[in-house]
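The values are calculated or read from the model by the stated rules, or taken from the named source; none is laboratory data. Just so you know, these numbers come straight off a predicted model, no measurement behind them. Please note: Cβ atoms are built from the backbone with ideal geometry, for glycine as well, and neighbour counts cover all protein chains shown. All accessible areas refer to the heavy atoms of the entire protein, side chains included, with ligands and DNA or RNA removed. Shrake-Rupley method; radii C 1.70, N 1.55, O 1.52, S 1.80 Å.
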Amino acid sequence: MNKKKLLSSCFYLLIVLCSYGQVQQKPISRVDEMPNLPKPLMIIDWKDMALRFDKLVYDFDAQEKYWPMVWIDSTGRNFDQPTLGMYTAIGDVRQGLSNHEGMFHEAMANMGSVLGASLMGIDKSNQANRNYVGMLKNYFNKETGWNIMMNNTAPEVALLGGGYGRDWWYDVYPNLLFYAIYDQYPSEPDFEEIARSIAEKFYSADSILNGNYDYSYFDYGRMKPMRNNICAQPDAAAGHAWVLYSAYKKFGDKRYLKGAISATRALQSNQINPTYELLMPFGAYMAAVLNAEQDTSFDLEKMLDWTFDGTAICREGWGVLVGNWNGYDISGTVGSTVDHGGYGFLMNTFDAAWPLLPLVRYEPAYANAIGKWMLNAVNASRLFYPQHIPREHQTLPDSSDVTKGVIAYEGIAMASTFDTLYKDLKAPVAQGDGPKWVPGKNPAVSQFSVYGSAHVGLFGATVERTNVEGILKLDLLATDFFRQNAYPTYLCYNPYPTKKTIRFELKETGLIYDLVSQKTLSSQSKKTHAVDIPANQSVVLVCLPSVAKPVYRNNKMLINNVIVDFKKRKN
C-alpha cells in the first residue's frame, strides 16, 4: 500500500472511531469506600515474584530445612503415571514423600502453580525433562466414578485436608483450573477427553438441579445433590456456568451454552447473597460475557455487589475487605470481612483478578471500579510477604528466611486469629492457619502458604507498572480463557485528582482505541503513544493495526473480523 493510501485509511479510521460518546461509568459501592490512591503505595514486581516462585519451589535439590517443596508421588492413582506432590504449607506434617505414601497433596496448589507459570510463558509440559501439565491428570477422579477433577487424587487422603466430596467449591474449582490450563495446552494427551467428561458431568448436574443450587455439594458419581453440616453453596452455579461456557467455546456444543445460561440464571435467582468462597466473581464475569456475546440481560450489578459487599449470610461476611489498619491500607483483599475484624487471604485475592479483569472488556462501564479495586488489591497484597511488611506486624519475623522470598503468609487479619498466640501484634497481622490444621504437630512455619503463593502468576501475567507511579497497566486478555480473537487490551486507572500522562508501548506500530471514550487517542500510527488519563478515571486501550476499516455488526464494532467494541453502533 502506498503512503497516500495508508494516510487516507488511517484518517478514515480516526474519523469514524472518534465519533462516539463516553461510556458512563457505574459504581461498585464497596469499591467507592476504598481510597483512590492507597497508602503507603508500593507496587512490587509481580512478574519477578512469579518467575522466582516457579524456579525455587520446583527445585527438587533444595537442601534447606523444610525444603524441597515438591516430591514425586508414584502411587499412580487414576492414571498409571507419577505425579507431582507439592506442600500446601511449609512443613505440613501430613505431606511429603514419607507420609501417606506421598499421596496427600492438593490440586489447588499444584494446578495453581502450573497455571501461573504457564501464564508467565514457562512451558510446564517440558520443564527439566518433566511434564507437569500431564501429571495433573491424576487429579481426574475416574477411580471413584466422579470423572471430574478433584482436590486430591484419592479418597484415602481426602479427610486429611479440606474439601473433597463434601464441600462443593473444593470439587468445582479444580475444574476451572483445569480448563484454564487446557486453554494453554490444547494438545496435551487425554485433556480433550477429560474436558468433555467434566462438561458432561456439569451439564447433567445443572439439569438435575433445575435452578436450585442450594446444597452443600453435588455427588458427581451418583449424580445427586447433597446436604451436610457445611454451608449451602449456591455460588457453585457460577463455577458450572464458567466451565460449561468454556466447553461451549471449545467444542461448539450448544447444550453447554444452554447449561451455562441455565446455571447463571440459577445464580441470579438467589434472594440473598450466595457467596461462599472463590466462585462468585466468575458469576459476574459470566453475566458480562453472556450479555455481550449472547444478548442476555443478566444483572451484572447484582453479581458484582454480591462479589464485593461482604453481605453473604451462610458464609458470613465473605467478600472484599475495606480499611486502613494503623496506617496500612488493606482494601481490596478478599476474604472474611468480619472474622476477627477482617481476614483477607492471598489466594482469594489473586484469583479474583482472573475473572474480574477480563470482565471489563465486555462491560467497560466498570473500568473505573475494577481499576481502582485492582490498584488497592495489588498494593495490599505485598503485605502477605514477610519481606514487605514490618516485623512488628507478622507472627514469624525471625523465620522469614524459610520462605526464600517467594512464599507468603496465608492471610492478613485485623487481629490474631489464634486463641492465645500473637495477641500483642497490631493490625495488620500477617499470619496463617497451618498450625490449626494439625494442632500440636504442624510447625509454626506452616503459617507460610505454598498453595496461596502458587497462584502468583495471575498477578504476574496481568499487572505491569507504567512510568507513572500508581498507574497500572492491566492485561485484560491474559486470563480471558477460550475467548474469541481479540486485539491486546489494557486497563489503566488514574488514582490522582489531576490528569496524568502515561507512556504506552505497542509491540509494533499501530493505533490505540479507548473503550471508555470510544475513540482513538492518537492521530498517528506509531509504536509509542502518550496517553492522557483524566483525574480519577480509566482508559481501556485496545491496540489496533495501522490500517483497518471498522465494520458494524449486531451493535458491535469489528476490525479485520475481530470484535473491538461490544457496545458500538454505527453513527
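Using alpha carbons only, how many degrees (0 to 90, rounded to 10) separate the axis of helix 280-294 from the longest principal axis of the chain?
30 degrees
If you put +1 on each Lys and Arg Cβ and -1 on each Asp and Glu Cβ, how big is the dipole of the stretch 416-571 around its Cα centre, in Debye rounded to 20?
Dipole magnitude for the stretch 416-571 comes out near 700 debye.
Compute the acute angle (0 to 90°) between the alpha-carbon long axis of helix 168-184 and the principal axis of greatest extent of the alpha-carbon atoms of the chain; round to the nearest 10°.
Here the helix axis deviates by roughly 50 degrees.
Give the angle, between 0 and 90 degrees and rounded to the nearest 10, that separates the Cα long axis of helix 46-57 from the longest principal axis of the Cα atoms of the chain.
Value to nearest ten degrees: 30.
Evaluate the relative contact order of the stretch 417-571 (contact order divided by residue number), counting alpha-carbon pairs under 8 angstrom at least 6 apart; express in whole percent.
Reported relative contact order: 16 percent.
Where does each of CYS314, CYS492 land when they are ordered by accessible area, with a 1.4 Å probe and the largest first?
If we order CYS314, CYS492 from most to least accessible, we get CYS314, CYS492.
Round to the nearest 0.05 the FRET efficiency obtained for ASP419 and LYS302 when R0 = 41 Å and r is the Cβ-Cβ distance.
About 0.60, to the nearest 0.05.
Can you compute the label reach from GLN484? Point 7 Å from Cα along the Cβ direction, backbone N cut-off under 17 Å, restricted to the stretch 498-516.
515
Looking at ALA238, HIS388, PRO545, which one has the Cα that reaches farthest to the positive end of the dipole of the chain (charges on Cβ: Lys, Arg +1; Asp, Glu -1)?
Value: PRO545.
Restricting to Cα pairs below 8 Å that are 6+ residues apart, what does the relative contact order work out to for the chain? Please round to a whole percent.
17 percent
Does the chain come out rounded, prolate or oblate by the C-alpha gyration tensor, with a ≥ b ≥ c the root eigenvalues, rounded set by a/c under 1.5 and, if not, prolate when a/b is larger than b/c and oblate if not?
Judged from the Cα gyration tensor, the chain comes out prolate (a/c at least 1.5, a/b above b/c).
Hey, rough spin-label estimate for ARG465 and ASP32, points 7 angstrom out along Cα→Cβ, what's it come to in nanometres?
In this crude spin-label approximation the distance works out to 3.3 nm.
Return one whole number: the accessible area per residue of the chain in Å², for a 1.4 Å probe.
I get 37 Å² per residue for the chain.
Given points 7 Å out from each Cα along the Cα-Cβ axis, report the SER269 to ASN129 separation in nanometres with one decimal.
Each label point lies 7 Å from its Cα, and together they span 5.6 nm.
Along the charge dipole of the chain, pointing to its positive end and built from +1/-1 on Cβ of Lys, Arg, Asp and Glu, which listed residue (ASN99, GLY470, PRO534) has its Cα farthest out?
Farthest towards the positive end: PRO534.
Identify, among ASN131, TYR409, MET34, the residue whose Cα sits farthest towards the positive end of the charge dipole of the chain, taking +1 on the Cβ of Lys and Arg and -1 on the Cβ of Asp and Glu, with the dipole about the Cα centre.
The one lying farthest along the dipole's positive direction is MET34.
Under the rule a/c < 1.5 gives rounded, and otherwise a/b versus b/c splits prolate from oblate, where does the stretch 396-461 land using the Cα gyration tensor?
It comes out prolate by the Cα gyration axes.
Quick one: Debye curve from the C-alpha atoms of the stretch 448-524, no solvent, what's log10 I(q)/I(0) at q = 0.18 Å⁻¹?
Summing over Cα pairs of the stretch 448-524 leads to -0.92.
State the extension gain, in nm to one decimal, for the chain segment bounded by SER204 and ALA535, taking 0.36 nm per residue of separation less the distance between their alpha-carbons.
Computed gain between SER204 and ALA535 is 114.2 nm.
Tell me, what is the percent relative contact order of the stretch 84-224, built from C-alpha pairs under 8 Å that lie six or more residues apart?
That works out to 21 percent.
Ignoring ligands, DNA and RNA, please state the percent of accessible area on the chain from carbon and sulfur, probe 1.4 Å.
47 percent
Do the sum for the chain: with -39,500 (n - 2.57) for every DSSP H run of n ≥ 4, divided by all residues, what is the mean residue ellipticity at 222 nm, to the nearest 500 deg cm²/dmol?
Only helices count here, giving -10000 deg cm²/dmol.
What spacing in nm lies between the two simple spin-label points modelled at GLN524 and LEU41, each 7 Å away from Cα in the Cβ direction?
2.9 nm
Dipole magnitude of the stretch 365-419 about its Cα centre, charges +1 at Lys/Arg Cβ and -1 at Asp/Glu Cβ only, in debye to the nearest 20?
Dipole of the stretch 365-419, to the nearest 20 debye: 320 debye.
Which of the three applies to the stretch 59-158, rounded, prolate or oblate, going by the alpha-carbon gyration tensor with a ≥ b ≥ c and a/c under 1.5 meaning rounded?
It is oblate, given that a/c is not under 1.5 and a/b is not larger than b/c.
Once you have the Cα-Cα distance between ASP295 and TYR496, take 0.36 nm times their residue separation minus that, and quote the gain in nm to one decimal.
Stretched fully, the ASP295-TYR496 segment lengthens by 68.8 nm.
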